[in-house]
Amino acid sequence: MVLSVLSGLGMAWMTLMEADSGYVAHVLPPLVTLGVGFGLIIAPAMSTATSGVEPADAGVASATGNTSQQVGGSIGTALLNTLAAAADYLIGRQPTADVVIASQLASYHTAFWWTAAFFAIGALACGPLLPSGRPVHNPDAEPALVH
């Protein structure tokens, strides 16, 4: 949950970017924040996807988790592109160079805010659903047959 919040904060921070923003001062810090948060989400997500699965079904569970991650990334990219394209900043404005740059920034900011919202929704959804603490292992249980 905390990692989703960290990633969401990184995306929200990206909305402060302006046309004259410098990379090191204005882009790199939120990218590092986003990268740390998102990078630390992936391993626990895959671990959770295969947690409690019988060893015989571990391959199928892992493949399902990986497929969901890949399809989700593709659908998410398409959705964010649609939201950014629908930002409609240019409507009613003369398309001068400054207005076009402002329009591009508005599109990016729209996608960044939506992504931050998705991370917040993910944090709120996963917080109550996922148990905290270490998984319980029963050493007396019989090992499952692996085919």
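Observations on the structure shown:
- The accessible area of VAL100, taken with all protein chains in place and a 1.4 Å probe, comes to roughly 60 Å².
- With the simple spin-label model, which puts each label point 7 Å out from Cα in the Cβ direction, the VAL60 to ALA19 separation comes to 5.6 nm.
- Taking 0.692 mPa s as the viscosity and 37 °C as the temperature, the Stokes-Einstein diffusion coefficient of the range 58-102 based on its alpha-carbon Kirkwood radius rounds to 247 µm²/s.
- Label-point separation in nm, GLN94 to ILE42, each point 7 Å along Cα→Cβ: 4.8
- Put MET46, MET11 in order of accessible area, highest first, and with a 1.4 Å probe you get MET46, MET11.
- Take the Cα radius of gyration of the chain and divide it by 2.2 N^0.38 Å, N being the number of residues; the result is 1.39.
- Exposure rank, largest accessible area first [MET14, MET1; 1.4 Å]: MET1, MET14
- Rolling a 1.4 Å probe across the protein heavy atoms gives the chain an accessible surface of 70 Å² per residue.
- For the chain, carbon and sulfur atoms together expose 67% of the accessible surface, with a 1.4 angstrom probe and every protein chain in place.
- Surface accessible to a 1.4 Å probe, ARG93 within the full protein complex, Å²: 110
- Positive minus negative residues near ASP98 (Lys, Arg vs Asp, Glu; Cβ under 13 Å): -1
The values are calculated or read from the model by the stated rules, or taken from the named source; none is laboratory data. Quick caveat: nothing in here was measured; it's all calculated off a predicted structure. Quick reminder, even Gly has a Cβ in these numbers, built from the backbone with ideal geometry, and neighbours come from all protein chains shown. These area figures cover heavy atoms from the full protein model, side chains too; ligands, DNA and RNA do not enter into them. Shrake-Rupley method; radii C 1.70, N 1.55, O 1.52, S 1.80 Å.
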